[in-house]
C-alpha cells in the first residue's frame, strides 16, 4: 500500500461513522503497482431510478468477484433495494423491468450497503461508466454516516475509449460506441440479459478481462495501467 | 426476476450434457464456473499436462493438435475440452490452442465429479463406452419402443385419401354424390367446426335403400353420431382393436383434437400388403415383368413405413437387399420360363452393396453370372439371353443399369468358372491402387440364385488373393486405397472439418464414412481369408479369429451401424421432401449427440486407416 493510500484510508477511518465501513477500512487496498493477476476486484453495477445522485436512488445492486483474471461466478449477487424516502420506480421501470411490487421483497439500502461493503474490503472496483456507481455509492454512504470510498475504481468505458483512441482517434461517446453493449459486441462477447444488475456486473467483468488481454495479459498489466 | 446466474444457467441449459441436469443441479454447476478471457493464439492445454479442469467454450474457438502437430479437432461455442484427461487422470494428449479470442469457462474436477455423482444422466454421458456412444447417436431419434412390428406404425402414416367433409344440411342424395365423386367410402359430417357424425357407404345401403328412406332427407337422419376417434399418432394396433371391437370400418383420426383423416379397414389391410414378407411373397408369384415392376413401385413407400414403424434404421438395408434378391430370383425364373431350362449349372452373382446386404433405396445393378466349365459350346448364348432378360427387367423394376457395365450382360462378367478364377488370379497381382479401386467391388460377392457351389469356388479364389502376403502387391494396394480416403475430423459450428482442416458445407456420408469403413474392413477380412461379404459379419468373424480385439470390433461395428443408420434416415428424409436421394448431410440437420457420435466414428475410421498404413507400408 502506498503512503498516499495509507493517508487516504486513515482520513476516511477518522470521518467514518458507519460501522460496516469502519471494518472495511481496516483492509489495505491494492497498490498502483499491483499486477492484475495478484489483485482481487469486484465488478459492480447499480440499477437506479435516474442519473441524479441526490434525487434518484439505487433500486438494484449486482456484483461479482474477479480474482486475478478469473470471474468467480459463484460470487455473483443481486440485491433489490427499497428506499422509503423516495417515490416509486416510475418511468425507469420500463428500462429495468423492476416493478414497485418486486421491491416489496427488497432490502433496505443500509442492508445492501452492509453486504456490498463486506465484498469491497481490500478490492478494486470495476464498473462500466463508473461515475454512476461511484456517485450513488458515495452519496448513499455519506447519508448513512459513512465516507467516500477510498477503493480504486476501474472504469471499463474509459479503458475502452483509451484502447480505441490508441487505434483511431477520439470522440466516440456521442456515437454510442462506448456503451457496454457496443463494447462487448465489438469484442465478440456473447449476448447477455440486459438490465439485470448481476448480469451487467458479469458483463462488465468479461469486458474488463478482454481489455486486460488486449493490454498484454494479467501477468503484465498493473492497476496503474487501468485507472 | 431470475437468479444472479440466470445467463450462465441459460447457456448451460442449451449445452449438452449440461442440459441433462435438473435446474437445481444446473444452478450448482453454474456456481462452480470461473470465466477467463484469452487472446487468439494462446495455448490452453499442452501435451503432457496433468489436467483437473473441465473447459467449456463460451465464446471463440480452439484447435487440437496431436504430438506430431496434426490437426485432430476444432471446437466452438458450447463444446468442452480437457474431458479425456479429466476422465482418465492421464496426461493431456493434444495441444489446445485458441484460434479466435475466447471466453472460456472452467469447472474444477471436484465440482464436475459432484455433478456426475448427483445426476445419473449426466454421468452416463461420460461413462458410456465408445460403441455405446456411437450407437446412441443413431438411436436417439426413433423413440418407438417395442419395435419392429408394422402394427406399431402410427395410424396417420396410413391415411390414403383426403378427408371429405359435408355439413348436416347436406341431403342423403348429395352425400352419395360426393362419395362417388371423391371415390371414398365415408364422409365426415360437420356442423360449423365441430364433428357431428360420419356417414359410410354401408349407411346408404342399410339405412337408406334397405329402409326405403327418401334420399332428399338430411344426412343427419342416417349418420352415426359421435363417432369414435383416435389420435393419428397412435399405433395401428389400437385402431384395429377399436374397429374390430365395435364392428366399424371407419375411424376418424385426429391431430391436436382436429379430425385430419379417415382410417378404413382397407387402409389397415394394405399395411399388411406392404409388409416385406408379403411383398416377397407377391414377388415370388408375379407372372410377368410388368407385375414385378408394379410391386417394386411400392418399395420406396415400404422404406418409409419400416422407418415409421420403428425398425432400426441400420436394419433397413437388409430388408431392401432381401427384396432386391427376390426380384432377381423371380426374373431368373421368368427368363427360364421363356427360354427353357438352362443348358448347364450356373450361379447368378451379385457384387458390392447388394452382396454385402447394405443397399440403400437407390442402387444400381452390380451382377454377373458363372456357369460350369463343362457347359456345351453354345451355352453362353443362352446365358446371354437370360442375362438380357434379367438385367432389362431389373432396370424396369427400379434397379438401373450399372454405369460401369458390371452386369451379366457384359461378356467379361458372364464367364465359366475357369474364366472367373482367371480374373481373380490376375487381380491378385494388381499392384496399382487405381486399378484396385475398379476391381474391389468384385471382392464383395454372393450368389443369389443357381448353384451356390460355383460361387463358393470363386469365393475360395477370392480368399486366396488376400491371403497371399508374400506376393502382397494386391492386398497392399487395396490397403493403401482404403487408407487414402479423406475422413473428416468432426464438426465446427455449421461445417464439417475435413482432415486437412478446411471447412465443408456438407458431409458425404458415403465417401467420407461408409466407403472407407467398408473398404478397410474388406482389406482386413481378405487378409484373414474371410470371404463373407457383409461388413458386420466380417467384423464378427475377425473377432472370432482373434484378428480384432473386442474393443476394436465394437468400435468398427458401432461406426458402421451409425453411418448406415444416418444414411438411411437421410435418404428417407430426402424422399419425404420429394428429392432424389443423395449422400450429402447438412451438419445443421443433425443433433448434438449425432455430431459427437460421428466425430467418434471418424476417429475410429482414421485410426483403422493409420493401422493399415503401418501394416502395409509402401
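The values are calculated or read from the model by the stated rules, or taken from the named source; none is laboratory data. All values reported here derive from a predicted model rather than from experimental measurement. Positions of Cβ are backbone-derived with ideal geometry, glycine not excepted, and every protein chain shown enters the neighbour counts.
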**Fill in**
Given (1) within 10 Å of another protein chain (Cβ to nearest Cβ); (2) surrounded by 15 or more Cβ atoms within 10 Å (Cβ to Cβ), residue A:188 misses just (2)
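Here's the yes/no breakdown for (1) out of contact with any helix residue (DSSP H, G or I) (no Cβ under 6 Å at 6 or more places or on another chain); (2) under 28 Å from residue B:499 (Cβ atoms):
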{"site": "B:31", "(1), (2)": "yes, no"}
{"site": "B:51", "(1), (2)": "no, yes"}
{"site": "B:66", "(1), (2)": "yes, yes"}
{"site": "B:91", "(1), (2)": "yes, yes"}
**Prompt:** Do we have any residue at all in the stretch B:489-508 that's at pLDDT below 95 and within 30 Å of residue B:544 (Cα to Cα)?
**Reply:** no
**Request:** Quick one: residue B:21 ticks every box in (1) touching a strand residue (DSSP E or B) at 6+ places or on another chain (Cβ under 9 Å); (2) surrounded by 20 or more Cβ atoms within 10 Å (Cβ to Cβ) except a single one, so which number is it?
**Result:** (1)
**Request:** Could you tell me whether any residue of the stretch B:466-484 is in contact with a strand residue (DSSP E or B) (Cβ under 9 Å, 6 or more places away or on another chain), on the phi < 0 side of the Ramachandran plot and touching a residue at least 12 places away in the same chain (Cβ under 8 Å)?
**Result:** no
**Fill in**
For the stretch A:192-206, the count of residues that are assigned to a loop (DSSP other than H, G, I, E, B) and either more than 7 Å from chain B (Cβ to nearest Cβ) or out of contact with any helix residue (DSSP H, G or I) (no Cβ under 9 Å at 6 or more places or on another chain) (or both) equals 2
**Item:** Breaking point among (1) part of a helix (DSSP H, G or I); (2) touching a strand residue (DSSP E or B) at 6+ places or on another chain (Cβ under 8 Å), for residue A:122
**Value:** (1)
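Keeping to the stretch A:90-112, report how many residues are more than 12 Å from chain B (Cβ to nearest Cβ), modelled with pLDDT under 60 and under 16 Å from residue A:46 (Cβ atoms).
Total meeting the criteria: 2.
Residues are listed down the side, and each one gets a yes or a no for (1) surrounded by fewer than 18 Cβ atoms within 10 Å (Cβ to Cβ); (2) in contact with a helix residue (DSSP H, G or I) (Cβ under 6 Å, 6 or more places away or on another chain); (3) in contact (Cβ under 8 Å) with a residue 12 or more places away in the chain; (4) not in a helix (DSSP H, G or I):
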residue	(1), (2), (3), (4)
B:267	no, yes, yes, no
B:270	yes, no, yes, no
B:316	no, yes, yes, no
B:331	no, yes, yes, no
B:338	yes, no, yes, no
B:341	yes, no, no, yes
B:353	no, no, yes, no
**Residue in the stretch B:371-389 that is assigned to a strand (DSSP E or B) and in contact with a strand residue (DSSP E or B) (Cβ under 9 Å, 6 or more places away or on another chain) present** = yes
**Request:** Would you tally the residues in the stretch B:585-594 being outside any loop (DSSP other than H, G, I, E, B) and surrounded by fewer than 17 Cβ atoms within 10 Å (Cβ to Cβ)?
**Result:** 2
**Fill in**
Residue hits (the stretch B:235-258; surrounded by fewer than 19 Cβ atoms within 10 Å (Cβ to Cβ) and modelled with pLDDT of 85 or more) are B:248, B:249, B:254, B:255, B:258
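Of the residues in the stretch A:207-227, how many are in contact with a strand residue (DSSP E or B) (Cβ under 6 Å, 6 or more places away or on another chain) and at the interface with chain B (Cβ under 10 Å from one of its Cβ atoms)?
Here the count works out to 4.
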**Message:** Checking the conditions here, which among B:19, B:49 is more than 23 Å from residue B:488 (Cβ to Cβ) and free of Cβ contacts under 8 Å to residues at least 24 places away in the same chain?
**Reply:** B:19
**Request:** Out of B:445, B:394, report the one residue that is within 26 Å of residue B:335 (Cα to Cα), out of contact with any strand residue (DSSP E or B) (no Cβ under 7 Å at 6 or more places or on another chain) and either in the same structural domain as residue B:484 (by TED's automatic domain parsing) or surrounded by 19 or more Cβ atoms within 10 Å (Cβ to Cβ) (or both).
**Result:** B:394
**Message:** Need the failing condition index for residue B:283 against (1) in contact (Cβ under 8 Å) with a residue 24 or more places away in the chain; (2) assigned by TED's automatic domain parsing to the domain that holds residue B:300; (3) out of contact with any helix residue (DSSP H, G or I) (no Cβ under 7 Å at 6 or more places or on another chain), just the number.
**Reply:** (3)
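One line per residue, one yes/no per condition, for (1) surrounded by 16 or more Cβ atoms within 10 Å (Cβ to Cβ); (2) over 18 Å from residue B:444 (Cα atoms); (3) assigned by TED's automatic domain parsing to the domain that holds residue B:565:
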position: B:503; (1), (2), (3): no, yes, yes
position: B:514; (1), (2), (3): yes, no, yes
position: B:523; (1), (2), (3): yes, no, yes
position: B:526; (1), (2), (3): yes, no, yes
position: B:530; (1), (2), (3): yes, no, yes
position: B:537; (1), (2), (3): no, no, yes
position: B:544; (1), (2), (3): no, yes, yes
**Asked** Taking helices (runs of 4 or more DSSP H) that fall entirely within the stretch B:2-113, which contain at least 3 residues that are within 14 Å of chain A (Cβ to nearest Cβ) and either under 19 Å from residue B:596 (Cα atoms) or at pLDDT below 95 (or both)?
**Response** B:6-13
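Every residue, every condition in (1) surrounded by fewer than 19 Cβ atoms within 10 Å (Cβ to Cβ); (2) closer than 18 Å to residue B:107 by Cα, yes or no:
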{"site": "B:35", "(1), (2)": "no, yes"}
{"site": "B:39", "(1), (2)": "yes, no"}
{"site": "B:51", "(1), (2)": "no, yes"}
{"site": "B:56", "(1), (2)": "no, yes"}
{"site": "B:63", "(1), (2)": "no, no"}
{"site": "B:71", "(1), (2)": "yes, no"}
{"site": "B:77", "(1), (2)": "yes, yes"}
